[in-house]
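Note sheet for the following structure.
The values are calculated or read from the model by the stated rules, or taken from the named source; none is laboratory data. A quick note: this is a predicted structure, and the numbers were derived from the prediction, not measured. Ideal geometry is used to build each Cβ from the backbone, glycine not excepted, and the neighbour counts take in all protein chains shown.
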Amino acid sequence: MKTLEPDARLTPALAPRQAALTQPQGTPRVLTAADSTADAAMARYQHLSRAIAGRPLPLALLDVDLLEHNARDLLQRAGNLPIRLGSKSIRCVEVLRRVQAMSPRFQGLLCYSAREAAWLATLGFDDLLVAYPTVDTADLDAVAAQLQQGRRIVLTVDDAAQVGHIASRGRALGVRFLLSIDVDMSSSFPGIYFGMRRSPLQTPQAVVALARTIALTPGAVGLVGLMGYEGQIAGLQDAVPGQSLKNMMLRRLKQSSVRELAARRQACVAALRDAGFVLDFVNGGGTGSIESTAADSSVTEIAAGSGLYAPGLFDHFSQFHNAPALCFALQVVRRPTPDIATCGGGGYIASGPAGADRLPRPYLPAGMQLIAQEGAGEVQTPVRLPAGFDVEIGAPLFFRHAKAGELAERFERLHLLQGGEIVGDAPTYRGQHQCFL
Ligand SMILES: Cc1ncc(COP(=O)(O)O)c(C=O)c1O
């Protein structure tokens, strides 16, 4: 591949704007707010292009300065509570380590798979909560092996059948599994189901009944925690441009739901305490709900992860704004028309209800658009270029994923940008040959 200096690949159309930004002499032109935003975005595009020049594309790029800025923001929003990092939204061991090293308030990990938790335990991580139920024998065996090594891994349950499976494996292996109960945090309003379809446990009575089942199961299981994840608050944007009525309705629904959920979580914790159970932790929340979850006095720790990379689906929350720390660069490989550039790769579609919001976001240069008929393709992604911008074959264009951790499944490493320069790279889970779900 011929490697060109990024600046040489930009056409003269950009040159005057660049000169206006960098010109050392003469009277500076007075910039309007729109000018300065556009110029800052162009400067960022040129800067990132220069930083990655000569590296094989596509690549994933993590701005460590922005990551750390976002980590500090999460801590601030959580008040005094510890934050358990959601590993599914990170999927890179070095990033987990770096962020945990920033503050003792980053405590423990919220894992998305039992085998993942067991693997992380072998790498020295401890205090691992597997947030989603499993009864898979290989999963349980992997966790049991780490428990026997003295690591703390807690499994999630919301059904007596799961408890039965886990206990029977525990008896066979001579291990006592640690369990946390997941309480349903959804709300129902007339004609609207507002929440996730996860745990069937909606009342203190149901939670205490499962806790008693655990207590009465001989030897192999013990209850240590409670989790209540309010996905409809934590993961649903409520300040999306162009839908002000919907935003207003969502914010109202969120307010009502938060009141109801805090009462429900508190009632469950109180009922367990009254029934004689002692909990080590009560986990709640996610990036989008930190303030309201922290305001619930029954919660002892917040779960969060997405806010670190700050992907597209977290751009429009009314309560906070994180800086886009993770993006990916694709190479322009074709120019079907003067205003369209087609890149290699890019079809990194996010999970969830299939829709346009699951597509990658064209990022830099600002103003690029996906082509509706093609979207982001399996091996090629065309984009309509912003007016006045031209780009040569071989140059990079930058995009962001809609979700946080899933991009790490597409790349073996994240290139690390710090102080404006590439300072190294960090293998993703995939780069370490780990694939869990
Ligand atoms: C159980 C649980 N807790 C917390 C979160 C929030 O994670 P994040 O901050 O990455 O959105 C999730 C996300 O789906 C989750 O499933």
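Based on this model, can you work out whether V278 counts as in the same structural domain as I90 (by TED's automatic domain parsing), aliphatic (A, V, I, L, M), more than 23 Å from E68 (Cα to Cα) and within 16 Å of the ligand (Cβ to nearest atom)? Give the steps one after another, and end with the answer.
Values: in the same structural domain as I90 (by TED's automatic domain parsing): yes; aliphatic (A, V, I, L, M): yes; more than 23 Å from E68 (Cα to Cα): yes; within 16 Å of the ligand (Cβ to nearest atom): no.
Here the answer is no, as V278 does not meet what is asked.
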Can you tell me how many residues in region 107-125 are within 15 Å of the ligand (Cβ to nearest atom) and surrounded by 20 or more Cβ atoms within 10 Å (Cβ to Cβ)? 8
Of G352, G424, which residue is more than 20 Å from the chain's Cα centre (by Cα) and not in a helix (DSSP H, G or I)? G424
Within region 298-346, considering residues that are within 25 Å of the chain's Cα centre (by Cα), surrounded by fewer than 20 Cβ atoms within 10 Å (Cβ to Cβ) and hydroxyl-bearing (S, T, Y), the one nearest to G86 (Cα to Cα): T300
Six or more apart or on different chains, Cβ atoms under 7 Å: show the pairs whose first residue is in region 365-390 and without any contact (Cβ under 8 Å) to a residue 24 or more places away in the chain and within 15 Å of G347 (Cβ to Cβ) and whose second is of a type in the set (V, I, T) and in a strand (DSSP E or B). L370/V383
Looking at region 112-131, I want the residues that are modelled with pLDDT of 95 or more and in a loop (DSSP other than H, G, I, E, B) and have a partner that is among the charged types (D, E, K, R) and within 16 Å of the ligand (Cβ to nearest atom) with Cβ atoms under 6 Å, at least 6 apart or on another chain. Which pairs are those? Y112/K88
Here are the criteria: (1) away from the ligand (no atom under 15 Å from the Cβ); (2) part of a strand (DSSP E or B); (3) in contact with a Gly (Cβ under 7 Å, 6 or more places away or on another chain). Tell me which single one G347 does not satisfy. (2)
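I'm trying to understand the selection: among the residues of region 207-260, which are in a helix (DSSP H, G or I) and either aromatic (F, W, Y) or farther than 23 Å from I192 by Cα (or both)?
So in region 207-260, the residues in a helix (DSSP H, G or I) come out as 207-216, 231-234, 244-260.
Residues satisfying the conditions are V207, V208, A209, L210, A211, R212, T213, I214, A215, L216.
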Residues being buried (at least 21 other Cβ atoms within 10 Å of the Cβ) and away from the ligand (no atom under 16 Å from the Cβ): count how many of those fall in region 218-246. 2
Tally up the residues in region 55-91 that are within 14 Å of the ligand (Cβ to nearest atom), in contact with a strand residue (DSSP E or B) (Cβ under 7 Å, 6 or more places away or on another chain) and in a helix (DSSP H, G or I), please. 3
Which members of region 247-276 meet the condition of being touching a residue at least 40 places away in the same chain (Cβ under 8 Å) and buried (at least 16 other Cβ atoms within 10 Å of the Cβ)? N247, L253, S257, E260, L261, R264, R265, A267, C268, V269, A271, L272
